[in-house]
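Encoded as structure tokens, here's the structure I'll be asking about.
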Amino acid sequence: MNPLSMTIFFTSLTVGTIVTMSSNHWLTAWIGLEINTLALLPLMTKTPHPRAIEAATKYFLTQAAASALMLFLCLINALQAGEWDINIPTNLVTNLLPIAIMMKLGLAPLHFWLPEVLQGVSLSTGLILSTWQKVPPMVLLFQISHSINLDLLVILSLVSILVGGWGGIGQTQLRKIMAFSSIGHLGWIILVLKFSPQLSLFSFVLYIIMTTAMFLSLITLSSTKMSQVATSWTKNPMLTTTTMLILLSLAGLPPLTGFLPKLLITLELIKQNMVIFASLAMLMSLLALFFYLRLTYIITLTIPPNTHSSLTSWRTSTKPYLASSVVNVMALMLLPLAPTIIFM
């Protein structure tokens, strides 16, 4: 793609995100979301492949439906409340607007577009879709967290954790696995949104770090399927080992970074006398743990029949080695720093 076009699209993504994050007005927040959506579409179709066009079409139709519902509800909300302020709670803000926002996020049961769209785009665009594009809707959820219906949040979060684990079990495509991983992690994040928005924000930041680390590792290894990542050991043994540890971190195993949000969220739910929901969330996370462990087993404990014969593989300077190294360290080693991070 033309560097000038790429600059324009990334600038539009940044502007849309900043407009939504700094907005206290429903209409400007909606405009920021639309700028974000339209700026991503050309990046999704930069490789003119039928699957990429299909993914962009599905993404556009889903986001357009969510945006239309959100705009309609914002208009009705302004009619009821008499103003466009985001922090004015009404029945619509409590019950229906979060559903439109969660449709943009890809939370279950409104998740069907996310695995298909991620599967159809490149790894770099999938990275943006799984991290950057989640920020503006999550900011809106944080802003209205005090007025969202608690029952709605708990039901959608538990369904998302279940779907995120169950949907990824039979997958062999890594991008679909990361899509279901995203659904499960966002379920954990919104489970505690009503009680502690700060903890949800902290968990969301850790989710972005771990997902970015995983996608950068896959970009460096040029792997999109299990069969490809299984043969990466002879090409780059250190990065393959790190990728295996990032998968265990995404699964939430100690002493890795991914254990921290699950631990803190479980403790917060127990403190709020929601022991049953905390137990359900942990039990449903075992489904996700299964496919993470299956990937880890394939990466490290199997010997592929077509091993690479050369000691060093051909490398190019376009791979994000430095960025991958920094984010990988953060995705693995933030747990010992947890008291300092929480105190700050």
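Keeping every protein chain in place, order ASP85, ASP151 by accessible area at 1.4 Å, biggest value first, i.e. largest first.
Correct descending sequence by accessible area is ASP151, ASP85.
Along the Cα→Cβ direction, 7 angstrom out, place labels at VAL135 and PHE290. What is the inter-label distance in nm?
In this crude label model, VAL135 to PHE290 measures out at 3.6 nm.
Separate question: What do you reckon, how do TYR59, TYR321 stack up by accessible area (1.4 Å probe), largest on top?
These residues rank, largest area first, as TYR321, TYR59.
Please work out how much length the chain gains when fully extended from THR11 to LEU79, using 0.36 nm per residue of separation minus the C-alpha to C-alpha distance, in nm with one decimal.
Extending this stretch completely gives an extra 21.1 nm.
Also, I was wondering about something else. Given all pairs of different Cα atoms, what value in angstroms does the Kirkwood hydrodynamic radius of the chain take?
20.7
Can you tell me the relative contact order of the range 46-107? Whole percent, Cα pairs under 8 Å, sequence separation 6 or more.
Relative contact order here is 39 percent.
Based on a Kirkwood Rh over C-alpha pairs, give the Stokes-Einstein translational diffusion coefficient of the range 1-144 at 37 °C and viscosity 0.692 mPa s in µm²/s.
211
Right, next: Could you give the length gained by full extension between ILE298 and MET330, i.e. 0.36 nm per residue of separation minus their alpha carbon distance, to one decimal place?
The ILE298-MET330 span can extend by a further 9.1 nm.
Quick check on my link table: of LYS58/LYS235; LYS194/LYS262; LYS46/LYS225, which ones sit more than 27 Å apart, alpha carbon to alpha carbon?
With Cα atoms farther than 27 Å apart: LYS58/LYS235.
Only Cα pairs under 8 Å and at least 6 apart count here; give the relative contact order of the chain as a rounded whole percent.
Relative contact order, the chain: 15 percent.
Share of the range 1-144's accessible area from carbon and sulfur, percent, 1.4 Å?
Carbon-and-sulfur percentage of accessible area, whole number: 72.
On to the next question. Taking θ as phi - 60°, what are the ³J(HN,Hα) couplings along the range 93-108 by the Karplus curve (6.51, -1.76, 1.60), each to the nearest whole Hz, with x for Gly and Pro?
After applying 6.51 cos²θ - 1.76 cosθ + 1.60, I find 5, 6, 10, 9, 4, x, 5, 5, 5, 5, 5, 5, 6, x, 7, 5 Hz.
Measuring with a 1.4 Å probe in the full set of protein chains, what accessible area per residue, in whole Å², belongs to the chain?
About 44 Å² of surface per residue is accessible.
Return the calculated 222 nm mean residue ellipticity for the chain, to the nearest 500 deg cm²/dmol, obtained by summing -39500 (n - 2.57) across DSSP H runs with n ≥ 4 and dividing by the residue count.
Value at 222 nm, helices only: -23500 deg cm²/dmol.
Now a separate question. Put PHE202, PHE60, PHE112 in order of accessible area, largest first, 1.4 Å probe: what do you get?
PHE112, PHE60, PHE202
Here's a follow-up. Give me the percent relative contact order of the range 1-144, please, defined on Cα pairs under 8 angstrom at least 6 residues apart.
28
Can you list residues whose amide H is under 5 Å from THR234's amide H, if they're 5+ apart or on another chain and H is modeled 1.01 Å from N?
Amide H neighbours of THR234: HIS308.
Here is a follow-up. Mind listing the phi-derived Karplus ³J(HN,Hα) values for the range 58-70, rounded to whole Hz, using 6.51, -1.76 and 1.60 with θ = phi - 60°, and x for any glycine or proline?
4, 5, 5, 5, 5, 5, 5, 5, 5, 5, 5, 4, 5
List the GluC sites (Glu not before Pro) within the range 34-90 that fall in a DSSP loop (any state other than H, G, I, E or B) and whose Cβ has at most 15 other Cβ atoms within 10 Å.
Here the GluC sites (Glu not before Pro) that fit, given the DSSP loop and packing criteria, are GLU83.
The values are calculated or read from the model by the stated rules, or taken from the named source; none is laboratory data. In this text the structure is predicted, and so the values were computed from the model without any measurement. Note that each Cβ is placed from the backbone with ideal geometry, even for glycine, and that neighbours are counted across all protein chains shown. In case anyone asks, the SASA skips ligands and DNA or RNA and just uses the protein heavy atoms, side chains included. Shrake-Rupley method; radii C 1.70, N 1.55, O 1.52, S 1.80 Å.
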